[in-house]
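In what follows, a single structure is set out as structure tokens and then discussed.
The values are calculated or read from the model by the stated rules, or taken from the named source; none is laboratory data. Please read all numbers here as calculations on a predicted model, not as lab measurements. For neighbour counting, all protein chains shown are included, and Cβ atoms are generated from backbone atoms with ideal geometry for every residue, glycine included. In case anyone asks, the SASA skips ligands and DNA or RNA and just uses the protein heavy atoms, side chains included. Shrake-Rupley method; radii C 1.70, N 1.55, O 1.52, S 1.80 Å.
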Amino acid sequence: MASWYLGKIRYQKEEESGKLKTTNETYLVDALSYTEAEARLYKQIVTGASDFTVSSITRMRLADLFTYEEGEKWFKAKVVYYSVDEKSGKEKKVVNYMLVNAEDITQALERITDSLRTMLIPYETTDLNLTTILDVFPYGGDSTEEEIPANLRPLSEVLAERAVAE
């Protein structure tokens with residue numbers, strides 16, 4: 001299960017008039033801990049400004065994330081459904097938060113509805129809000145291998161050379 005962290009960065013940006021303006025941006029990162037979330041933010045964010053700081057990192061409770069090719073804005077949906085407690089037989093309200101990207105609020109609602117159409121129990125989308133999130137960085141694992149610097153060689157080659165020299 002993904003652990004999502006909302007990271008806010010702050011940096012100085014030069015306007016066209018030449019004045020410096022403090023800019024705040026929000027990103028969503030899938031990470032294992034606060035420390036990894038901060039490290040991934042520093043690695044992923046390229047603002048054009050050489051120095052920026054991560055001003056805050058908070059955990060964001062998300063049940064699901066729906067990503068589409070088109071859609072610049074991120075919307076947070078509150079989806080409520082009811083389940084029956086097996087022991088007491090009472091109906092219990094379950095609240096889930098989901099994130100979807102879309103062009104506008106109408107498209108966001110359509111995408112949430114389309115994504116949840118296979119859900120077997122009835123649900124209700126009670127809230128749909130535009131967020132300040134600029135980009136989402138899902139966890140991709142360590143798929144990129146680090147290149148070995150040119151001045152280093154595998155240990156087996158070094159040992160083989162020593163064996164020949166002796």
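Summary table
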{"item": "Filtered residues of the range 65-83 (kept if closer than 19 Å to residue 5 by Cα, assigned to a strand (DSSP E or B) and not small (Gly, Ala, Ser))", "result": "65, 66, 73, 74, 75, 76, 78"}
{"item": "Residue 86 being farther than 15 Å from residue 128 by Cα, assigned to a loop (DSSP other than H, G, I, E, B), in contact (Cβ under 8 Å) with a residue 12 or more places away in the chain and among the charged types (D, E, K, R)", "result": "no"}
{"item": "Failed criterion for residue 53 (all others in (1) among the hydroxyl-bearing types (Ser, Thr, Tyr); (2) closer than 23 Å to residue 73 by Cα; (3) touching a residue at least 40 places away in the same chain (Cβ under 8 Å) hold)", "result": "(2)"}
{"item": "Selection from the range 97-114 of residues that are open to solvent by 80 Å² or more (accessible area, probe 1.4 Å), among the acidic types (Asp, Glu) and in a helix (DSSP H, G or I)", "result": "110"}
{"item": "Matching residues, the range 51-64, being more than 12 Å from the chain's Cα centre (by Cα) and in a loop (DSSP other than H, G, I, E, B)", "result": "51, 63"}
{"item": "Residues within the range 147-166 that are surrounded by 10 or more Cβ atoms within 10 Å (Cβ to Cβ) and modelled with pLDDT under 80, tallied", "result": "1"}
{"item": "Residue selected from the range 34-89 under the condition under 13 Å from residue 9 (Cβ atoms) and charged (D, E, K, R), by the criterion least open to solvent (accessible area, probe 1.4 Å)", "result": "40"}
{"item": "Boolean, residue 135 is over 21 Å from residue 2 (Cβ atoms) and either in contact (Cβ under 8 Å) with a residue 24 or more places away in the chain or exposed (fewer than 10 other Cβ atoms within 10 Å of the Cβ) (or both)", "result": "no"}
{"item": "Residue that is most open to solvent (accessible area, probe 1.4 Å) [pool: residues in the range 2-33 that are of a type in the set (A, V, I, L, M, F, W, C) and under 13 Å from the mean Cα position of the chain (by Cα)]", "result": "32"}
{"item": "Residue check, residue 144 modelled with pLDDT under 90 and closer than 28 Å to residue 10 by Cβ", "result": "yes"}
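Conditions (1) in contact with a Cys (Cβ under 9 Å, 6 or more places away or on another chain); (2) outside any strand (DSSP E or B); (3) farther than 19 Å from residue 65 by Cβ; (4) modelled with pLDDT under 85, marked per residue:
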{"site": "13", "(1), (2), (3), (4)": "no, no, yes, yes"}
{"site": "16", "(1), (2), (3), (4)": "no, yes, yes, no"}
{"site": "23", "(1), (2), (3), (4)": "no, no, yes, no"}
{"site": "28", "(1), (2), (3), (4)": "no, no, no, no"}
{"site": "32", "(1), (2), (3), (4)": "no, yes, no, no"}
{"site": "38", "(1), (2), (3), (4)": "no, yes, yes, no"}
{"site": "41", "(1), (2), (3), (4)": "no, yes, no, no"}
{"site": "46", "(1), (2), (3), (4)": "no, yes, yes, yes"}
{"site": "49", "(1), (2), (3), (4)": "no, yes, yes, yes"}
